[in-house]
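For reference, the structure is listed below as structure tokens.
The values are calculated or read from the model by the stated rules, or taken from the named source; none is laboratory data. Quantities reported herein were computed from a predicted structural model and do not represent experimental measurements. Cβ sites come from the backbone with ideal geometry, for glycine too, and all protein chains shown count toward neighbours.
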Amino acid sequence: MELHSFILSAIVLLTAAALSVALFKHLGLGSILGLLVAGIIVGPHSPGPYVTAHVEDVRNFTELGVVLLLFMIGLEMQPKRLWALRREVFGLGTVQILLSGVLIGGYIAFYQPSWQAALLIGFTMALSSTALVMQLLHERGDLATRHGTTAFAILLMQDLAVVPMLAMVPLLSDPGGISPEISIGEQILTLIGMVGLVILCGRFVVPFALERLLRQNNREAFALVVMLSVFLAAWAMHKVGLSMALGAFMMGMLLSTSRFSFQIQAHVEPFKGLLMSVFFVAVGMSIDLPAIVEQPLRLAQHVVVILGIKLLVLFLIALMFGLPRGVATRVAFLLAQNGEFGFVLFGFAKALGVIDGATFVLAVSVISVSMLLTPLLVRLGDNLARRAERRVTTPESFGFETTGIAPKERVVIAGYGRVGHTIATLLEVNQIPFIAFDTNPTNVEHGVRDGRAVYYGDIGDMELLAAAQVGSASLVILTIDHGPTALRAVSHIRHAYPHVPVIARARDLDACGSLIRAGATRAYPEAIESSLRLGAEALEMLGIPTDDVDSLLQGVRGQNYAQVVE
């Protein structure tokens, strides 16, 4: 029974998703598996009430979450770091697609009389799920590890392979289905033009617009321009037959070198998280339970054989490219599943008559079940990898941070005004790594001219704290003079990262007390401290010993300045 009320459908979907995620996280199986199961429960193929029969429409909309996910990945990777992965992208990724596609196609040929259909199915099943794997890597914090970067490189090559695979479908259909309205030359020119448009916008137009909006303190328009840039890049790549996610990744990578990258990430993260959750629910809704029940043995055989082929190919070629056995094992189990692109490609192939309806249902079921098994496969791969190779104590990183500064043991400075600049100078002289944030574009420009890691960002934004990995910092120093923002920042940091010490600047003793109650480790009233310093200098000039003056200052501070404010 379909629920026709939108609000009732939303309540049922969110209830199923919340309960499933809570249960599966409690069992240690991860949130993604919980979302997939929630999708099965509320989908049209379940025996109970379902939220909608138009699963494909829901999935198409929620693929915007995949677009935002790849945009976020692009924000975390500068172009030079992508170039450093060229061997894995074009070497390892290409070999994996070709070898897996041929072997899976050969297996499918035993069950599919048409060699065209077998070839198409083989290469489609060779692809993995970008959305699922990248979300898993994000959840586990493995994106910066060697197996995380290798998996990402292979997925990037698979996204690039979308174009020739889409072009292959009409060529494999009957001649009557081919109607080339646009010449190859025109297609290439269009591709060059769209890529140039994305580069122009990401490199010059969008940063210029964002800077002007920040000078006007227009945060709402800032967020809207960011989202517009993402979807513009996605549309441009989709227009020339490329993956929308690839366009979003390009835009993110172009903006990764700007001083707004952390604040952009803070704005986009909530939308990405929500859409990705609904995307996995939509994938779960696609799992056709009656089709699985009709031929469970055949489906199970296809799933096991295809997973086995991909596991073997990925493991062997990873070893051939010089990866350690443990890394190769993790990469193989991460990428063994089939990808969501198969839903699109098989639907296209069915429309052109390359595959029939029964083959389409079976192929989509194989993709869905393989994605459902992925969280369990990843856990199995981790266990096997730990047995095959000792864990590396310091994993290699391709630079999860766009600053080039390791997130561990660094200091985070909130505010790069007069006080923040002074503190940054002291830290720099003592060779202590730091990163600073300010909401004033002029202060950020000063930091850039100083050659320091100063970024635009509101330290009171919880998403920015996560993007800047404040949980790994050795210390947070709040120099901002806006009381509500400072209190909000202290509260967020103390709640999310109770182990990170926070010292703060306050206008007066009342503000100092408020910050301490909010969770600051130390707070220093600016006016009183300057008075104390002036008084100490006066005492020393009048002949009072320095040790006595220092003891007096320590006593005043130890009594919360009670002696000087009574």
The one condition HIS267 fails out of (1) over 25 Å from ARG59 (Cα atoms); (2) at pLDDT 80 or above is (1)
Pairs returned, first residue in segment 203-222 that is free of Cβ contacts under 8 Å to residues at least 12 places away in the same chain, second residue that is surrounded by 14 or more Cβ atoms within 10 Å (Cβ to Cβ), beta-carbon separation under 7 angstrom, 6 or more apart or interchain, are ALA221/LEU213
By my count, helices (runs of 4 or more DSSP H) wholly in segment 282-375 with at least 2 residues that are without any contact (Cβ under 8 Å) to a residue 12 or more places away in the chain and either among the hydroxyl-bearing types (Ser, Thr, Tyr) or over 26 Å from ALA153 (Cβ atoms) (or both) are 289-294, 296-320, 341-351
Among residues of segment 377-430 being among the polar types (S, T, N, Q) and modelled with pLDDT under 85, the residue surrounded by the most Cβ atoms within 10 Å (Cβ to Cβ) is THR402
Taking segment 210-265 and the residues there that are among the charged types (D, E, K, R) and assigned to a helix (DSSP H, G or I), the one that is surrounded by the fewest Cβ atoms within 10 Å (Cβ to Cβ) would be GLU220
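Which one of these is assigned by TED's automatic domain parsing to the domain that holds ALA248, over 19 Å from ALA84 (Cβ atoms) and free of Cβ contacts under 8 Å to residues at least 12 places away in the same chain: ALA117, ALA109, ALA126?
ALA109
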task = Tell me, yes or no, whether segment 122-131 has at least one residue that is surrounded by fewer than 19 Cβ atoms within 10 Å (Cβ to Cβ) and in contact with a helix residue (DSSP H, G or I) (Cβ under 8 Å, 6 or more places away or on another chain).
result = no
So the helices (runs of 4 or more DSSP H) completely within segment 12-130 holding 3 or more residues that are more than 23 Å from the chain's Cα centre (by Cα) are 31-42, 55-75, 93-108, 115-125
Of (1) closer than 17 Å to ILE480 by Cα; (2) at pLDDT 85 or above; (3) surrounded by fewer than 14 Cβ atoms within 10 Å (Cβ to Cβ), ALA527 satisfies every one except (2)
